[in-house]
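Visitor: Mind looking over this structure? Questions follow.
The values are calculated or read from the model by the stated rules, or taken from the named source; none is laboratory data. Note that this is a predicted model, so its numbers are computed, not measured. Remember, those area values only see protein heavy atoms, side chains included, never the ligands or the DNA or RNA. Shrake-Rupley method; radii C 1.70, N 1.55, O 1.52, S 1.80 Å.
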Amino acid sequence: MFTMQKELFRQLFKRAFTNQFPVKHAPKSVAKLLEDVGKGKKKINPPVPVPDDFRGKLAYDKDKCIGCQMCTRVCPSKALVFDTKTRKVKYYLSRCTFCGECVSICPVKCLSFTKEFLLADYRKD
Amino acid sequence: MTLEKKENSYSICVGPVHPALKEPVKLNMEIDGEKVIGVDFELSQVHRGIEWAATRRNPLQVLFLAERICGICNMCHMLSFSRAIETIGDIHAPPRAEYIRVIGAELERIHSHILWAGVAAHELGFDSLMHYTWKLRENVLDTIEYITGNRITKGLITIGGVRHDIPEKKIPRILESVNFYYSHFDKMAKVFLNDPVIKSRTRDVGILSRRDALTTCAVGPTARASGVKKDVRKDEAYAAYQDFDVEPILPDAYTGEIHGDVYDRVLVRLLEVKQSAEIIEKAVKSMPKGPIAWEEKPAVILAKLKPLVGEGIGRHEAPRGEVIHYVKLVGEESPYSWKVRAPTYNNMMPWVPMLMGEQIADIPIIAASIDPCMSCTNRAVSADKTTTMYTMDQLRRLSFLKTRELKRGLGK
């Protein structure tokens, strides 16, 4: 009996595991919070650091791109679309599944991963 | 199917959307007092047409589509699909890649089983235990993120190898995670297996006899909990599993008897967490050196896969049971056909013998005890409800006819 209760009492006196990112309580106005942070009145808790090989938002070096269309051939969700006018690639972030096949196929290494992960938004554009 | 009615019996319907179920499935039950006397279920509320989408993509794209079949055990679908393609093209992944595949698959098993243990605790109403087990699960997720760059969708496998190597500097972190599960296993086993509340809710509840498990074709932990020695890791010994001597875990290893109830299913899964940790430890320590893929450049893989013609089957022991992928290539860029059989498809028929004669209050935990994953299972949807339903005998006769037809085509 009471096998779990012991563990639960121990948890009571432990520090919370949750990282309160970005702030401890939800602000009444996000705009005001950002303003305060800009002025240095409030501080933002940093997020838990991501590992080195993290697959975040894609970075695309447009000048390096040679327009070979290899990335559009392997993209499983068609997030990379070739623009015939500019001979460059268009990247739709909302479709991207972060698989990294385009990064490994690119012959000139113009695509790479960043560590950016806060990509949720209300608007799709 | 209409259920048999009795005098004074009434029918209740659990699902498709119900607080006790995590995914949509409709359970129709005939109840007499508090007792279940008839069970039927309806599927196909979450059909997504993944197989259709695959016939418009090349194998490297399908690989990531396969990964999206299941949110929990995604690597097993990737592995099965690539193994199916590898059998067609007679491609052999290098030994180091096979070891990395095993490490990935076993990390996934730890994650899936601990997640399920939390869900089972939640279904029993033991929410503090659920949060405790999910806290333990964070460790393996962090390790997966450290190795592959993402917590859930690993993207680890490519056709004929793996995409990410595990360099020397990442190994201490994996061993640390393995030791974490060794040290916490006893505590977890103590809570799940000795707690009187859990024991009284799960012991002799939802019994699936060995005979029923065999006739309803149960797979994975559900079958093993009923005493069926069935494990693809042992039976087919693919990837690097032949080096680790995987023994299917039966509940009598711990308690000395097999009941085939929910308690045994909890037990088998918990013991498998320990087994997986042991396999990972062995694999990490004895990993051979060498290349990690049959062909490293994706463009070359695509060019080499395009002329392939033939049919292939890939099997893998996913956390929930055996998963089978069938692929047919006809020399075009995209597969001609792709069929996925997820383990839950087999593990649903055992619901009928399990639920028969049980109390209404036990329905959620019995339904959850097979670790159901509906979105993986839904491979077809019937738009009109007038389609003919085949019985087992009719299906068998049809398969005889098909085999005869095929033989005639071969000139025999």
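Visitor: Please label the shape of segment B:292-382 as rounded, prolate or oblate, based on the square roots a ≥ b ≥ c of the eigenvalues of the alpha-carbon gyration tensor (a/c under 1.5 means rounded; beyond that, a/b larger than b/c means prolate, else oblate).
Guide: Note, shape of segment B:292-382 comes out prolate.
Visitor: Under 8 Å for C-alpha pairs, at least 6 residues apart: give me the relative contact order for chain B, rounded to a whole percent.
Guide: 25
Visitor: What shape does segment B:1-87 have by the C-alpha gyration tensor, where a ≥ b ≥ c are the square roots of the eigenvalues, rounded means a/c under 1.5, and otherwise prolate means a/b greater than b/c and oblate the rest?
Guide: Here segment B:1-87 falls in the prolate category.
Visitor: Need the C-alpha centroid separation for segment B:21-46 versus segment A:55-112, integer Å.
Guide: 46
Visitor: What order do B:Tyr390, B:Tyr132 take when sorted by accessible area (1.4 Å probe), most exposed first?
Guide: B:Tyr390, B:Tyr132
Visitor: Something else now. What's the percent breakdown of Cα-Cα distances in the protein assembly as shown across 10 Å bins, shortest bin first?
Guide: Going out from 0 Å in 10 Å bins, the protein assembly as shown shows 3, 16, 25, 26, 19, 9, 2, 0, 0 percent.
Visitor: Treating the angle as unsigned and between 0 and 90°, give the value, to the nearest 10°, between the Cα long axis of helix A:30-39 and the longest Cα principal axis of chain A.
Guide: 90
Visitor: On to the next question. Which one, A:Arg15, A:Arg55, A:Arg87, has the greatest fluctuation when you compute a Gaussian network model over chain A with C-alpha springs under 10 angstrom?
Guide: Highest fluctuation among the options: A:Arg15.
Visitor: How big is the shadow of the Cα convex hull of chain B, averaged over all directions, in nm²?
Guide: Projected area, direction-averaged: 21.6 nm².
Visitor: Can you pull the accessible area of B:Glu257 for me, 1.4 Å probe, Å² to the nearest 10?
Guide: 90
Visitor: Where Rh is the Kirkwood radius over the Cα pairs of segment A:58-113, the temperature 37 °C and the viscosity 0.692 mPa s, what D in µm²/s does Stokes-Einstein return?
Guide: This corresponds to a translational diffusion coefficient of 298 µm²/s.
Visitor: Would you check the accessible area of A:Asp63, probe 1.4 Å, heavy atoms only, in square angstrom rounded to 10?
Guide: 140
Visitor: With a 1.4 Å probe and every protein chain left in place, tell me how much accessible area A:Arg95 has, in Å² to the nearest 10.
Guide: We get 100 Å² for A:Arg95.
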